[in-house]
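Below is one structure, written out as structure tokens, with a few remarks after it.
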């Protein structure tokens with residue numbers, strides 16, 4: 001499981017086909033990819049890491065606070081293309097991506113754990129939909145978080 005985590009001043013997601021829209025103020029915009037071999041323990045680890053990741057400024061201007069500490073929110077977006085492998089050729093291979101059913105289950109598990117276990121406000125995208133994402137990056141601060149070890153295919 002891997003995530004691209006951006007510290008944001010605001011972020012939103014919309015789906016033109018359905019009229020869906022979700023947005024947050026300050027917090028994290030998280031693009032989450034689920035890979036083959038990922039399981040529920042990975043979802044728990046990822047939710048905990050996202051909740052506790054200290055990338056917000058403290059009173060001395062050091063990155064020493066988490067999204068929980070600053071009262072921020074999370075916009076969680078599923079993105080299977082993060083599992084794309086571009087090492088060979090010019091077209092990404094997505095053989096590392098989890099099948100859609102497992103991807104949905106684990107994506108939803110991360111969101112549920114962020115809400116239930118870490119008491120964070122979480123907005124989400126629409127799994128499998130074509131989405132438009134807008135954000136105002138704060139910093140910019142962008143971190144890649146990955147469960148360890150990466151799963152081989």
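Quick notes on this one:
- Test: residue in region 52-70 that is loosely packed, with under 15 Cβ neighbours inside 10 Å and within 18 Å of residue 35 (Cβ to Cβ): no
- Residue that is part of a helix (DSSP H, G or I) and over 23 Å from residue 41 (Cβ atoms), where the choices are 81, 142: 81
- Looking only at residues of region 113-133 that are without any contact (Cβ under 8 Å) to a residue 60 or more places away in the chain and not in a helix (DSSP H, G or I), we find that the one that is surrounded by the most Cβ atoms within 10 Å (Cβ to Cβ) is 122.
- Residue 46 meets all of the listed conditions (1) in a strand (DSSP E or B); (2) crowded, with 23+ Cβ neighbours inside 10 Å but one, namely (1).
- Within the option set 136, 110, being at pLDDT 95 or above, within 22 Å of residue 15 (Cβ to Cβ) and surrounded by 16 or more Cβ atoms within 10 Å (Cβ to Cβ) holds for one residue only, 110.
- Sole exception among (1) outside any loop (DSSP other than H, G, I, E, B); (2) at pLDDT 95 or above; (3) within 18 Å of the chain's Cα centre (by Cα); (4) over 17 Å from residue 137 (Cα atoms) for residue 4, by number: (4)
The values are calculated or read from the model by the stated rules, or taken from the named source; none is laboratory data. As the structure is a prediction and not an experimental result, all values here were calculated from the model. Neighbour counts run over all protein chains shown; Cβ positions are idealised from the backbone, glycine included.
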